[in-house]
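Asker: Starting off with a structure, shown below.
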Amino acid sequence: MSFLHEVVFYTLTMSQTLAEKFYYLMKLGREFELRCKEEYLKGNISGFLHLAIGQEAVHVGAVVGFGKGDLFCPYREHVLALARGIEPKLIMAEMFGKVTGVSRGKGGSMHLYEPRLDFYGGNAIVAAHIPHAVGAGYARKLMGEKAGILCILGDGATNNGTFFESLNIASLWEVPVLFLCENNQYAIGTHVSRSSYLKDLFLKARDYMPSVQVDGMDVFEVYRAVIKAKEYIEEYGKPYFIEALTYRFEGHSMADKGDYRSPREIEMFKRRDPLELLLKRSLKEGWLTEEQVRLIDKKVERLVEESVEFAKNSPEPSEEELYSDLYCGVCSDVIP
Amino acid sequence: MLYRDALNLALEHALEHDHRVVLLGEDVGFYGGNYKVTEGLYAKYGPKRVIDTPIAENSIVGTAVGMAMMGLRPVAEIMTANFSMLAMDQIVNQMPKLRYMSGGKVFLPLVVRMPQGVAKQLGSQHSQSLEHLFASIPGLYVLCASDAVSAYHVLLYAIRMDDPVLFLEHVLLYGVDFPFEPLEGFDPFRARILREGRDVTVVSYLKMTHDVLKASQWLEEREGISCEVIDLLSLRPIDFETIYGSVKKTKRLVVVYEAPKTLGLGAEVSARVSEELFYFLDAPPLRIAGEEVPIPYNRKLELMAIPTPEKVYAQIVQWGRRHGL
Amino acid sequence: MDYEILMPQFSDTMEVGRVARWLKKEGDFVERGEVIAEIEAEKAVMELQSFKRGLLKRILVREGQEVPVGRPIALMELGERIEEVRRPTAPPTEERKAVPPPIEEAPKVVPTKPPERVELPSGFASPYARLLAKEMGLELEELQKEGRLPSPAHAKDVEGLLRERYFTPKALELLKEYELRAEDLIRALPDRKIDEDTLLAYVEREGIPKRLPVSSVQKSLISNLSKSFVLPHYHIYEVFDLSQIPWDKDITLTHWLIKIVGDAMQFFERLRALFKEDYYLLYPHSNVGVAMAVGEELYAPVIKEVNRKGLKEIAQEVRELKKKAEEGRLSLEELQGGTLTISNLGMFGIRSFDAVIPYGQVCIIAVGMQDEKGMAHITFTFDHRVVNGFHGALFVKHLKEKVLDRNYIRFLKKV
Ligand SMILES: Cc1ncc(C[n+]2csc(CCOP(=O)(O)OP(=O)(O)O)c2C)c(N)n1
Ligand SMILES: [Mg+2]
């Protein structure tokens, strides 16, 4: 498989359309989140707001690479949702708590849901969504579907018992799940070296399933690894693990200054800003022209602006909304 | 003094005077605690006594249980009560049972601290008051604190106790500045009467106590209704003696709590009062509590879902009108 | 002691078991773990293994017999196998009877005394209202039919009715003053309408104290007094010759003293000072407070700029302030700004006394009674933080001279 794969993959990934797609989504993610930050500071967005600035290559590379299939994410999921194709304005409206938001204003930043796009939310309980992904994979397989599940999780989540339980079950039951650990090196203020015995997190999964480590600042590398993993889980119906090394440029959430990290450390990682890496490389290799970039930037700017306008002008939920959506109140008509 | 600083003071006092005291939890050490309750303690007492743990709630409480069995006096922090649900095995099946099952041979001088409650737009999974779950478990002590004085004294008392204690804080209280002075002979098992009154006994705890005090002020000024406000510091056991004494005087009971009304702590308090003081009641007990929904993100809906001083005021007035106040 | 083999509990719901079959007979030696019987319980048959080694000495329960869990079904003699075991004589049936299975005890019903019954009058009312009605002998339902009580009725309604029925309006007012509960009085003085006199007689007989509220004025006075009493202060006691002061009913000795003291203060800036921790605030004019009792309260309104005012003007102002105080109309403005206060109790025949400096001021002058020669004891209390002993003494000395200065007094009388 491998040689042929490399060739196919080479022509595929290096294509200009791909670079354009990556740049568009990562730029959209970046600008969208910067705007979220601004709106948060203005008081239009409240609660916990976790930004993925610095981690866009992982999110975009993974979602684009994975293609069709269900997505289970933690609370840092704006860029994942955008990459999956949820309209920016629906996400922004959600964060404004408006009834037009993807979760009707009831979820907020950490809880974006769009099952029509196979997007099963951000979850605010660390590691809680990992077994969901395993169960979902089992269900898809049982129902004869092939696509598999993409489960994004943080480095901190890999220290939780649920994580190990899920690895075991996924392998035992042969469930087609791609576990993608975005190792941004911190769980709030605790560095991975102070919370994990194994410093290379992909080692935690290696005894259960194929497990690799990639540079999460390079969107192509993430993409390549995910394509390969997807092929594996579709072909064998078994799980796969990727650890993507990355870094978050902002604090853990808006409530966290992130000042437990030295400015030197932050500077070092910012020099490998995934968006800039992509841009430089694309221009250099001729995958993107300056003009294209300008057009994309413009489009992104417009989209973000529109999303804020839409959110602002959307209505608040009515009072009845408090009790709606609690139960669906329907019985299965299949079971006699 | 800020509520969080009072807690910090109690922890520091305990660490300073008893070398068996250790703190553990997510981000409690180097980072100083998610709500900065343990700030400065890592620097002063080092990583062996102020222990950063991985995100593993069940094991945080579980290891603390083991430490306590061997004679340490661990104070475990669960970042918020929402996450303590991942430690329910340890909290429900282990902490309260080991001493009993061993015929009193095992000691568990252990405190598990956690904040709870609805803050502002944190969403359903981060906005819960769960005291009733813990308060229904025999073998646990469930203590809490509503201001700096009680925070300091109750927490210190909890650490001194040789039994397992669950200590609840409220997220919205951390940044509130309260008058503070250390008291002699503080007893957390005695409820505090924070305001004397003739007409209605209002029982509450944690942040709701402050909402009740505010509403009581309005009730007095605008309606001439005089409320006796009781602040519970112990949710298991509950100081019924103080409550009964007050209700015998006022003939009316209101319980205010943030959790959904069904099966909350107020259900227990009203049931007990109805059982014990039925003939003293001039009105049915009233519970003012949260709605029966997860807390929504939208601020308007969020405020609809929980008691506020305005609601406490309005509901007491309404109920009073119906029932001869 | 023989070892008892008990009917085992194979599940937590099993209550009785039947011995289906004995696999050992009396006199057999039983190894540990050997099956000795089959027990039937809850539709299943289970093997009963022996936990001990020893001789199965006696079987207590026949095959097919059902016994409760925990009951002995056989006896064993523990120990090693002895080949020549005593041949067990087949146990006589009598002997078997000698060890009867204990008789099932009937659950004991502890006789308790019959529970007390709370009998309440019928009617639609709160529990407490009904209890009250019962205690007071009211027919709730009747009263409700007559429309004299609402439905549902609450304690408030019942109490209201009781009050109306048993008390005159005047008596009701007194209830409040003495903090009495209507129910208690009705109980103590049954079968009659209670009027003012009955109530007062009752109060006197029972020695019940009357409630005297502390007015807000009094409250602030108390708090100020407590604050200023602990400040460092000292007294100077002097006897003054006031024989030269021609006071009368219109212009009283107090008015004279206000003027003389006010003028004297002009020479002593410390007496016109307010203490502000890091500095003193020195007022240019002499603002003198006058202590006056009005009803139950003590007021000390301030005459401003005494040094610029004439005696008559001062006398007039004091009278106005007094009137205002009596009518409760004194403004905050009129109560503030003084640095020294004069308190005169001479008219009550008090010879000499100390006073507490009003909070924030620096001196109070307590004036006693003038004797027949015109001499009076005057006590000065100074705030030591502002006026030290030296200044205090100079001030007192200056005043002593002034009250004897005939020219000055004659001059004052004119303006
Ligand atoms: C069960 C549970 N415990 C604790 C928390 C609080 N918490 C929220 S995010 C977080 C850190 C998670 O770190 P990581 O998995 O590395 O994800 P990252 O935030 O770095 O993306 C913690 C401890 C939680 N949400 N859920
Ligand atoms: Mg992380």
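We did not get these values from a lab; they are worked out from the coordinates using the rules stated. Since the structure is predicted, the reported quantities are computational estimates derived from the model, not experimental observations. Neighbour counts run over all protein chains shown; Cβ positions are idealised from the backbone, glycine included.
Asker: Which distance in nm do the two modelled labels at residue C:120 and residue C:375 give, with both placed 7 Å along the Cα-to-Cβ direction?
Answerer: Once both label points are built, they end up 7.8 nm from each other.
Asker: For region A:15-154, rounded, prolate or oblate, judged on the Cα gyration tensor with a ≥ b ≥ c (square roots of eigenvalues), a/c < 1.5 rounded, else prolate if a/b > b/c?
Answerer: Because a/c hits 1.5 or more and a/b fails to exceed b/c, region A:15-154 counts as oblate.
Asker: While we're looking at this one, here's another question. Please work out the Cα center distance from region B:248-322 to region A:114-169, rounded to the nearest Å.
Answerer: Here the answer is 40 Å between Cα centres.
Asker: What is the dipole size for the protein assembly as shown, taken about its Cα centre, with +1 at each Lys and Arg Cβ and -1 at each Asp and Glu Cβ, in debye to the nearest 20?
Answerer: For the protein assembly as shown, the charge dipole is close to 1960 debye.
Asker: Any idea what the alpha-carbon Rg over 2.2 N^0.38 Å comes to for region B:192-322?
Answerer: Taking N as the residue count of region B:192-322, the ratio is 0.99.
Asker: Ratio of Rg to Rh for region C:361-414, alpha carbon only, Kirkwood?
Answerer: Ratio value, two decimals: 1.04.
Asker: Also, quick follow-up: Once you charge only the Cβ atoms, +1 for Lys and Arg and -1 for Asp and Glu, what is the size of the charge dipole of region A:178-292 about its Cα centre, to the nearest 20 debye?
Answerer: Its charge dipole is roughly 380 debye.
Asker: In the structure displayed, which of C:219/C:324; C:176/C:219; A:37/A:98; A:270/A:312; A:37/B:207 lie more than 24 Å apart, Cα to Cα?
Answerer: With Cα atoms farther than 24 Å apart: A:270/A:312; A:37/B:207.
Asker: Given the rule -39500 (n - 2.57) for each run of at least 4 DSSP H residues, summed and divided by the residues of chain B, what is its mean residue ellipticity at 222 nm, to the nearest 500 deg cm²/dmol?
Answerer: Values: 12 runs with 117 residues, N = 325.
Mean residue ellipticity at 222 nm (helix-derived): -10500 deg cm²/dmol.
Asker: Within region A:163-223, which trypsin sites (Lys or Arg not before Pro) sit in a loop by DSSP and count at most 10 neighbouring Cβ atoms inside 10 Å? List each step's numbers first, then the result.
Answerer: Working: sites: A:194, A:199, A:204, A:206; in loops: A:199, A:206.
Filter output for region A:163-223: A:199.
Asker: Springs between alpha-carbon pairs under 10 angstrom, Gaussian network model over chain B: which of B:224, B:32, B:290 fluctuates most?
Answerer: Residue with maximal mean-square fluctuation among B:224, B:32, B:290: B:224.
Asker: Turning to a different aspect of this structure: Among the GluC sites (Glu not before Pro) in region B:241-301, which ones are in a DSSP loop with at most 14 other Cβ atoms within 10 Å of the Cβ? Mind listing them?
Answerer: In loop regions of region B:241-301 (DSSP not H, G, I, E or B), the sparsely surrounded GluC sites (Glu not before Pro) are B:292.
Asker: Now, a different point. Straight distance only, please: which aspartates and glutamates reach the Cα of residue C:373 with their own Cα at less than 13 Å, same-chain residues fewer than 8 apart left out?
Answerer: C:241
Asker: Also: Within region C:142-209, report the GluC sites (Glu not before Pro) that DSSP leaves as loop and that have at most 11 other Cβ atoms within 10 Å.
Answerer: Of the GluC sites (Glu not before Pro), the ones in loops of region C:142-209 whose Cβ has at most 11 other Cβ atoms within 10 Å are C:146, C:179.
Asker: Restricting attention to the alpha-carbon atoms of region C:2-81, what are Rg (one decimal) and Dmax (integer), both in Å?
Answerer: In Å, with Rg to one decimal and Dmax whole: 11.8, 37.
Asker: Residue C:397: which lysines have alpha carbons under 19 Å from its alpha carbon, excluding same-chain residues fewer than 8 sequence positions away?
Answerer: C:259
Asker: Now a separate question. Under a GNM of chain C (C-alpha, springs under 10 Å), which listed residue has the highest mean-square fluctuation: C:292, C:46, C:369?
Answerer: Its mean-square fluctuation being the largest, the pick is C:46.
Asker: Okay, next question. Past the 18 Å Cα-Cα mark, which pairs from A:27/A:280; C:170/C:210; A:42/A:299; A:204/A:230? It would help to have the intermediate numbers written out before the result.
Answerer: Numbers: A:27/A:280 13 Å; C:170/C:210 15 Å; A:42/A:299 24 Å; A:204/A:230 20 Å.
Where the Cα-Cα span goes over 18 Å, the pairs concerned are A:42/A:299; A:204/A:230.
Asker: Here's a follow-up. Which Rg and Dmax, in Å, describe the Cα atoms of region B:3-170?
Answerer: Cα-based Rg and Dmax for region B:3-170 come out at 14.6, 46 Å.
Asker: Which residue, chosen from A:75, A:278, A:22, occupies the Cα position most advanced towards the positive end of the dipole of region A:9-322, where the dipole is computed from +1 (Lys, Arg) and -1 (Asp, Glu) charges on Cβ about the Cα centre?
Answerer: Positive-most Cα among the choices belongs to A:278.
Asker: Which residues among region C:276-294 fall inside the zone where the amide N is under 14 Å from a point 7 Å beyond the Cα of residue C:385, along Cα→Cβ?
Answerer: Correct set: C:276-281.
Asker: Can you spot the lysines whose alpha carbon is less than 17 Å from residue C:57's alpha carbon? Ignore those fewer than 8 places along the same chain.
Answerer: Partners within reach: C:24, C:25, C:97.
Asker: Separate question: If I model a spin label as a point 7 Å beyond the Cα along the Cα-Cβ vector, how far apart are those points for residue C:211 and residue C:249 in nm?
Answerer: 4.4
Asker: Further, regarding this structure: Short version: ³J(HN,Hα) in whole Hz for each residue of region A:42-55, in order, from phi by Karplus 6.51 cos²θ - 1.76 cosθ + 1.60 (θ = phi - 60°), x for Gly and Pro, what are they?
Answerer: Values per residue, Gly and Pro as x: 7, x, 7, 10, 10, x, 7, 10, 9, 9, 9, 4, x, 10 Hz.
Asker: While we're looking at this one, here's another question. Note down the magnitude of the dipole of region C:2-81 about its Cα centre, charges +1 on Lys and Arg C-beta and -1 on Asp and Glu C-beta and zero elsewhere, to the nearest 20 debye.
Answerer: With only Lys, Arg, Asp and Glu charged at Cβ, the dipole is about 220 debye.
Asker: With the dipole of region B:3-170 worked out from charges on the C-beta (+1 for Lys and Arg, -1 for Asp and Glu) around the Cα centre, which of B:118, B:102, B:155 lies farthest toward the positive end?
Answerer: The Cα lying farthest towards the positive end belongs to B:102.
Asker: Further question on the same structure: To the nearest 0.05, how large is the calculated FRET efficiency for residue C:192 and residue C:145 if R₀ is 25 Å and r is the Cβ-Cβ distance?
Answerer: That gives a FRET efficiency of 0.45.
Asker: Is the protein assembly as shown best put as rounded, prolate or oblate by its Cα gyration tensor, with a ≥ b ≥ c the root eigenvalues, rounded for a/c under 1.5, and otherwise prolate when a/b is larger than b/c, oblate when not?
Answerer: oblate
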